[in-house]
1. Restrict the check to region 18-25 and report whether at least one residue is surrounded by fewer than 22 Cβ atoms within 10 Å (Cβ to Cβ), over 21 Å from Ser270 (Cα atoms), at pLDDT 95 or above and not charged (D, E, K, R).
2. Which of the residues that make up region 169-181 are within 13 Å of His238 (Cβ to Cβ) and surrounded by fewer than 17 Cβ atoms within 10 Å (Cβ to Cβ)?
3. Out of Phe205, Phe191, Phe209, which single residue is hydrophobic (A, V, I, L, M, F, W, C) and within 30 Å of Ser102 (Cβ to Cβ)?
4. I'd like the full set of residues that are of a type in the set (A, V, I, L, M, F, W, C), touching a residue at least 60 places away in the same chain (Cβ under 8 Å) and either touching a helix residue (DSSP H, G or I) at 6+ places or on another chain (Cβ under 6 Å) or buried (at least 20 other Cβ atoms within 10 Å of the Cβ) (or both), limited to region 55-95.
5. In region 179-210, how many are free of Cβ contacts under 8 Å to residues at least 60 places away in the same chain, of a type in the set (Phe, Trp, Tyr) and closer than 25 Å to Val30 by Cβ?
6. Out of all the residues in region 205-225, is one or more of a type in the set (A, V, I, L, M, F, W, C), surrounded by 14 or more Cβ atoms within 10 Å (Cβ to Cβ) and within 24 Å of Phe271 (Cα to Cα)?
7. From the residues in region 182-204 that are surrounded by 15 or more Cβ atoms within 10 Å (Cβ to Cβ) and among the charged types (D, E, K, R), which one is modelled with the lowest pLDDT?
8. Have a look at Ala129, Ala98, Ala109 and point out the one that is over 29 Å from Val236 (Cα atoms), loosely packed, with under 15 Cβ neighbours inside 10 Å and at pLDDT 95 or above.
Amino acid sequence: MDRPLLDRRILETMIAAIDSRLDRQPDRPVVFGLCGAQGSGKSTIAAALARQFVTAGVGTVVISLDDLYLTRREREMLAGEVHPLLRTRGVPGTHDVALGLSLLADIDAAVAAPLPRFDKADDDRVRTADWDIAPSGTRLVLFEGWCIGARPQSSSALETPVNDLERIEDADGRWRRYVNDALAADYQRLFDRIDLLALLAAPSFETVFGWRAQQERALRSRTGAGMSGDEVVRFVQHYERLTRHMLAEMPDRADLLVRLDERRKPISVSF
């Protein structure tokens, strides 16, 4: 499989959508939500959009949902108090949503705002002194993440496990109910601030697993470190339920939909 590509159709469509929203929304920063499963290319696209708008003189910042992860200590506490699976970062309930809401409120107020950063190698938040700053007067926020804009499932949908991780390590459903309840609460307040929602839609969850496995192979080749095949399988299962749910329900409501093939090339781009 190829690395994520910067397809001109994707960029041009997104740029046009953002430009239109900037014109219609002069009194408040535009928040562009970019949702895509692991390996779909959202970080690459967000960086390209940022370069485009900064070059055009538009005050722009990129915020990754990953940078809002709870600290390692906070997740250890959740693992002990709620469920051991919450030790692993990624799913709703493992982010500091209040921090995200405060950040967007500061940007809306046109004041300089520290941008949280998370170091995945250390599995912990970067110290505050090393955070970047969103300058006052920021006009565009590119907010990217694997579950940006996601909505919770119904209680009945949680009853049947979707994989071995849920079947064996969450037999009573306590973990998936906690994740779903978190998503239904403050995450919706955070996502409500999104003005435009774009979805990079993988052709299937099985493809997402392949993309993640490719990332780990590339990491091992480059650094000698990375998850084994079995570790990738278990890790990706943390995200399977919500990824499948989003692929089923989000295309009908996303403002901009990009359907990708297995090589991450766009089949269609619609706005």
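1. Filtering region 18-25 down to residues surrounded by fewer than 22 Cβ atoms within 10 Å (Cβ to Cβ) leaves 19-25.
From what is left, the residues that are over 21 Å from Ser270 (Cα atoms) are 25.
Within this subset, residues satisfying the condition of being at pLDDT 95 or above are 25.
Cutting the leftovers down to not charged (D, E, K, R) gives us 25.
The answer is yes, given that some residue of region 18-25 is surrounded by fewer than 22 Cβ atoms within 10 Å (Cβ to Cβ), over 21 Å from Ser270 (Cα atoms), at pLDDT 95 or above and not charged (D, E, K, R).
2. Glu169
3. Checking each option against the conditions leaves just Phe191.
4. Filtering region 55-95 down to residues of a type in the set (A, V, I, L, M, F, W, C) leaves 56, 58, 61-63, 65, 68, 70, 77-79, 82, 85-86, 91.
Among the residues that remain, those that are also touching a residue at least 60 places away in the same chain (Cβ under 8 Å) are: 58, 61-63, 65, 82, 85-86, 91.
Answer for region 55-95, where residues must be of a type in the set (A, V, I, L, M, F, W, C), touching a residue at least 60 places away in the same chain (Cβ under 8 Å) and either touching a helix residue (DSSP H, G or I) at 6+ places or on another chain (Cβ under 6 Å) or buried (at least 20 other Cβ atoms within 10 Å of the Cβ) (or both): Val61, Val62, Ile63, Leu65, Val82, Leu85, Leu86, Val91.
5. So the answer is 0.
6. Checked region 205-225: at least one residue is of a type in the set (A, V, I, L, M, F, W, C), surrounded by 14 or more Cβ atoms within 10 Å (Cβ to Cβ) and within 24 Å of Phe271 (Cα to Cα).
7. Asp186
8. Values: Ala129 fails: at pLDDT 95 or above; Ala98 fails: over 29 Å from Val236 (Cα atoms).
None of the other options fit; the residue is Ala109.
The values are calculated or read from the model by the stated rules, or taken from the named source; none is laboratory data. Remember, it's a predicted structure, so these values are computed and weren't measured experimentally. Virtual Cβ from ideal backbone geometry, glycine too; neighbours counted across all protein chains shown.
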